[in-house]
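The structure under discussion appears below in the form of structure tokens.
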């Protein structure tokens, strides 16, 4: 016996198509809703914790009302930190000395050692990242104009790592900042440990050859010299980067002289006065880019590595 043939009318087929289409449309809307909620939750997570109240290096309690999207940097070291934690695209203004990374040099200039406050205001920043000492005058002016200014002033390598973390916190990049700071700390410990059993060397780090300016106590350079198990020829100079007696430096007979430019290296290698020192006799006068030794940012780890390399003989 034949089974009855069931014929589906065109109208019923159309109804089924409509039902199927309706289900697909509802499912699509459901996926879009999920995507929206995910994006919204991500945005909320990124904005979590704002407003923030954080004390800066001046001891001032600074209120960061929202995650910064327009940042002006008043110091090359701060610019390097901002780029290192992935905020280069948020930087809208820098000084003319902000030359690293190369992209920083393309940003709008707001001055040099003297900050043009009008130029800063014109950029409408929601955060100005300053150096507490170098930018002290500009900070007061900018705050009077209603801008949010956060100042740092690291004096040691450890404080640089601390400030990297703080900057990451106030800009909504704590995880990246933690990675950058931890890498700096790890590199410092590794290099210091590897140099611990080396013979001690006497090192003179020169900022300017003639007249003689050197890195004295309480500088990153002085700390780096000690970290690589060496001694600073200018250990008893005035604090900071200062003038120093050429006669005394020669008498102390440095084993190695570090300079920032080739012209300074040539000066020492050709000098009749300095030729009596071990550094010149053995042609151990080396160029290390000044930014790697004096700029308070992540690249000090590179400077430390280079210094350790030059003393490995």
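Taken together, the values in this text are just the output of simple stated rules run on the coordinates, not laboratory data. Small disclaimer: the values here were computed from a predicted structure and weren't measured. No Cβ is skipped: glycine too gets one built from the backbone with ideal geometry, and neighbour counts run over all protein chains shown.
A protection proxy built from the mean count of other Cβ atoms within 10 Å ranks the segments 189-197, 305-313, 149-157, 218-226, most packed first, as 218-226, 149-157, 305-313, 189-197.
Here the calculated FRET efficiency for residue 196 and residue 70, from their Cβ-Cβ distance with R0 = 30 Å, stands at 0.05, rounded to the nearest 0.05. Rounded to whole Å, the principal axis extents of the Cα atoms in the stretch 196-310 read 38, 29, 26, largest first.
Peptide packing: for 69-79, 89-99, 273-283, the average count of neighbouring Cβ atoms within 10 Å per residue gives the ranking 69-79, 89-99, 273-283, highest mean first.
With each label modelled as a point 7 angstrom along the Cα→C-beta vector, the residue 210-residue 286 pair spans 2.5 nm.
Gain on full extension, evaluated as 0.36 nm per residue between residue 114 and residue 162 minus their Cα-Cα distance, stands at 14.6 nm.
Once the Cβ-Cβ distance of residue 183 and residue 106 is raised to the sixth power relative to R0 = 35 Å, the FRET efficiency obtained is 0.85.
A simple packing score, the average count of other Cβ atoms within 10 Å per residue, orders the peptides 208-216, 159-167, 50-58 as 159-167, 208-216, 50-58, with the highest score first. Relative to one another, the C-alpha centroids of the stretch 107-137 and the stretch 229-250 are positioned 33 Å apart. Residue order for 247, 60, fewest other beta carbons within 10 angstrom first, comes to 247, 60.
Extension gain, residue 278-residue 96: 0.36 nm per intervening residue step, less the Cα-Cα distance, totals 61.7 nm.
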